[in-house]
Each structure stands twice: as structure tokens, then as C-alpha cells.
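Structure, as C-alpha cells:
Every number in this text was worked out from the coordinates using simple rules, so none of it is lab data. Given the structure is predicted, the values throughout are model-derived calculations rather than measurements. Every residue, glycine as well, gets a Cβ built from its backbone with ideal geometry; the counts of neighbours run over all protein chains shown.
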Amino acid sequence: MAARTKLLWLGDEPAPPNVREATRQRWDLVPYSTTAPLGDQLRAVGLAVACPNGRANDPHELEKLLDAMARAPAVTVVLLPEEAKVAWGVLSRREGKFVCIRQDASPKEIADKLAAAESLQGAIRSLEMELAAARKVDRPTAKKLEELDEELRIAARLQRDFLPRRLPELGGVRFGVLYRPLGWVSGDIYDVVRLDETHVGFYVADAVGHGMPAALLTMFVKQALQTKRIAGHTYEIVPPHVSLGQLNAAICQQGLPSCQFCTAVYCVLDVSDRTLTYARAGHPEPLLIHRDGTVTELSAPGSLLGVFPDESYTSVSLGLSPGDRLVLYTDGAEDALAGTTGDREMFKRRVGSLAGKPVDETLLQITAWIDELPRDRGRRDDITIVAVDVTS
């Protein structure tokens, strides 16, 4: 009788009947633990089966799952509902050790996929042995590289801890975020903060360059950008142009090298009357996408942060309507979606073509476009997009 192997079950609910039947003869299902790192659990087994459920249409959760699977040696079979079209596209084009199958597939279909996935383990183990042998040739160098890699992993986790764990829901406004660092850490940062019962503040900032120096500057931005002043039992919401002016002065006071500066756009939305107030500091103009797909660029004067200590910024206000979508983004997103010619109009057309789609579906479609980039082009910068839908 063939030895049974452990199969990690990655699902919020117990495994459904078709999965239990598919694994009954050959594998022992082990549910994953929410108290232990997912990567460690994947490394402890050779095979996993994942059912993202509602996360199939959540860019944040899908991205975390894909990253964990890509970094572990385990091969993962992913069960997806048939209607999750964009998630199918993202997964089918994304490099990684996983295969996809319909969530309602028969036990035999699932068992066949699991057997095929398990057969890849031999090749993976051989590659790992070759890599281990190569590392032995120059052990001191390999050790230093491993230490550096671990430090970057820790830095990446720390940076992500500074990002919002949950996007606020306020009135008839819905937020969605796409965050794709080029490497372990990112030169982009964003935040969405509920300021009071009717106001929400949100921004996107982009430190020039990428990697560790840019990531460190984003941490300073996160701490230094002031959104609200509190005095006793009263408070004042800081206007966007004042927030950016204070942030600029704070960066300049640090006396950083000349290459350490950044761009940003900061917005405050009053959901009671749908008034948007924003200011820019050398950042790409936010896009206002109307229900019919027409796109308006929101401009405002203001130079880079961290260059001129006395630079002033300007707040601009306008009214939003139900069906409008506001898109804040970094130039890495524009570069990735603008095609080989770098045509900004192409970027606007592609983003505008998604008007009317739910924000999560929109961001998954953009993820699919990014993953379709030709290998000879690839991504050259961090990508961050914050989308704001006015639903009522």
C-alpha cells in the first residue's frame, strides 16, 4: 500500500465533500493554522490545496496568497469559482508553483490535479539539491546572501505592517488598493484614514527610486504627514495643502542627500456632500473617471517634497457624483499600463474602460494586465493604485 502524504488545506471553511472524497485514498488533509506563518506551513508539506472563497476577488488577499505560494517549495492546487474570471486570468498568467481547477470539479478531476502537482515535487527537490550544492562551493558568500535576504524579508513585513490592515467604509464610498512592490520593499506608500464621521483622508506617495533607501523614506512620510490636529476635546482636519507643506518642511529639515525626495497627492473627502479637496506635490495627476468612461485629470500646482524648504502647495476642491471613480496612482502603474510607447493617453483609456465595474474587479483586471507584460519589458518600478468609488 502506497504511503499517505500530508496535504495542507488552505481554506476558511472545512474542506468541501468533493475535496474530501478526492483525497480520501491517498492524502491526509491537514487544515492550516491561523496562528502560524503560512510560509512555514507550506514549507513543511509537499502539497497544498487552496480555496480562496471570497478572496478570489480581493486583490490584497489574493496577492498575499500568491506570494506565500511562490516562496515555498510546496505545489498548490487552487480551487476557483467559475465566475471569478479575472482571478482565473491572474492565476493562469502568474508564475508560481500552482495549478488551477474549478471549485465544483468532481473528486476525480481534483485527484488527478493533485497527483499531477505531486509529481512535480521530484523536479523541485532536485533543483533544491542542485542549489544547495552550488551554495556549498562558496559558503561564506552564500551565508551573507541568505542573511541579506532574510533582512529584506523582515523589512518587507515591517513596511506592510505600516499599511492599512482594513480600508474604512464611510457613507456611499468604497476603497480598493493594488500594491505591487518591485522587490522585497517598496518606494511607494499609501494610507486611508477615517478622520471623523463624515471625512476620510487618503494619500499616495512615491519616493524617487526603489529598494531600501526609498522604503526608509516612505516610513518617514507615514509618520510625518499630519492629517488632523487634536487640542483637548476639539480637533481640526488639516487641509491637504497644509499637510503637504508641513511634510515638505520636515523632509528638508532632515538634510537628506539630494537624491532623497518624493512625490505625493493627498485628498480629503467629505462624504456628507461628496466634496473632494486635494493637493499635489509633483505627483501624477489623479484621474476622475465618470460613469460613462470619460476621464478628467485633476491638476494642482506644487513641486517635489524635500527639495525647496519654503515650497507652498494649493488645495483644490470639487464635487463628486454617484458613479464617479477617483484613481490615485504612482508612475510605476502608468508605465506598466501605458504600453511600449509610454503613451499617457493609452493609460487613461485603459483605466477609463473599467468604469462601472466594481472596484475589486477593476483592480484584478489591472493586475491581469500587469502580469501580461512581455518578458523583455517587465516591470521597472513599484506599482500602487488607490481607487475610490462613489456609490451614492
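In summary, the aspartates and glutamates within cross-link reach of Lys113, defined as a Cα separation below 18 angstrom excluding same-chain residues under 8 places away, comprise Glu21, Asp28, Glu82, Glu95, Asp104. The 3J(HN,Hα) values that the Karplus relation (6.51, -1.76, 1.60; θ = phi - 60°) gives for the range 287-300 are, in residue order, 9, 9, 10, 8, 4, 7, x, 5, 10, 10, 7, 9, 9, 6 Hz. Gly and Pro appear as x. Put in line by how crowded their Cβ is, counting other Cβ atoms within 10 Å and starting with the fewest, Thr391, Thr362 read Thr391, Thr362.
Rounded to whole numbers, the Karplus 3J(HN,Hα) couplings from phi for the range 24-31 are 4, 7, 10, 10, 9, 6, 10, x Hz, using 6.51 cos²θ - 1.76 cosθ + 1.60 with θ = phi - 60°, and x at Gly and Pro.
Centre-to-centre, using Cα atoms only, the range 162-209 and the range 274-325 are separated by 16 Å.
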